[in-house]
Amino acid sequence: MASVYGIIRHVSVPLGLSTPENPEIPSTRWRTVFDHKRRFYLFKSALSPNTFWADLNQIDFSKESGKVLKLDLGTEQANVFAGDATRSYRESEPFPFAGLPR
């Protein structure tokens, strides 16, 4: 994973970089990697040096008994996580579907 994050850091836009002439190039706020073999979704925030992950093997995605879960990042993403954050997810209402543009 370290080598993958190294590549991502290499192409990320530094936090706080301002390019008024190119507003489509915002700062990179999150770096994510999905480990398909272990079914881990790993996250790194530009605001914290920590890596944290969700173990998708521990989440019920079934239509019958699965629930909508959300990881509360807090105001301005101030909540900091490290390591396995799977148990920090809480039940939540689903996002409303905004529909398709016409």
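A search for C-beta distances below 8 Å between a residue of region 51-74 that is among the aromatic types (Phe, Trp, Tyr) and any residue that is surrounded by 10 or more Cβ atoms within 10 Å (Cβ to Cβ) and part of a loop (DSSP other than H, G, I, E, B), counting only pairs 6+ apart in sequence or on different chains, returns 52/81; 52/82; 52/85; 53/85.
Scoring residue 59 on the criteria (1) more than 29 Å from residue 13 (Cα to Cα); (2) open to solvent by 70 Å² or more (accessible area, probe 1.4 Å); (3) touching a helix residue (DSSP H, G or I) at 6+ places or on another chain (Cβ under 9 Å) leaves a single failure, condition (2).
The single residue among 100, 73, 42 that is farther than 30 Å from residue 15 by Cα and hydrophobic (A, V, I, L, M, F, W, C) turns out to be 100. Please state which one of 68, 80 is open to solvent by 70 Å² or more (accessible area, probe 1.4 Å), at pLDDT 90 or above and of a type outside the set (Lys, Arg). Among 68, 80, only 80 is open to solvent by 70 Å² or more (accessible area, probe 1.4 Å), at pLDDT 90 or above and of a type outside the set (Lys, Arg). When you check residue 12 against the structure, is it surrounded by 14 or more Cβ atoms within 10 Å (Cβ to Cβ), among the small types (Gly, Ala, Ser) and farther than 25 Å from residue 95 by Cβ, yes or no? Yes; evaluated as a whole, the condition is true for this residue.
Filtering region 33-55 to residues that are open to solvent by less than 30 Å² (accessible area, probe 1.4 Å), touching a strand residue (DSSP E or B) at 6+ places or on another chain (Cβ under 9 Å) and of a type outside the set (D, E, K, R) leaves 33, 42, 45, 52, 54.
The values are calculated or read from the model by the stated rules, or taken from the named source; none is laboratory data. Bear in mind that the values here come from a model prediction, so they are computed numbers and not experimental data. FYI the Cβ positions are ideal-geometry reconstructions off the backbone, even for glycines, and counts take in every protein chain you see. Note: accessible area is taken over every heavy atom of the protein model, side chains too, but ligands, DNA and RNA are not part of it. Shrake-Rupley method; radii C 1.70, N 1.55, O 1.52, S 1.80 Å.
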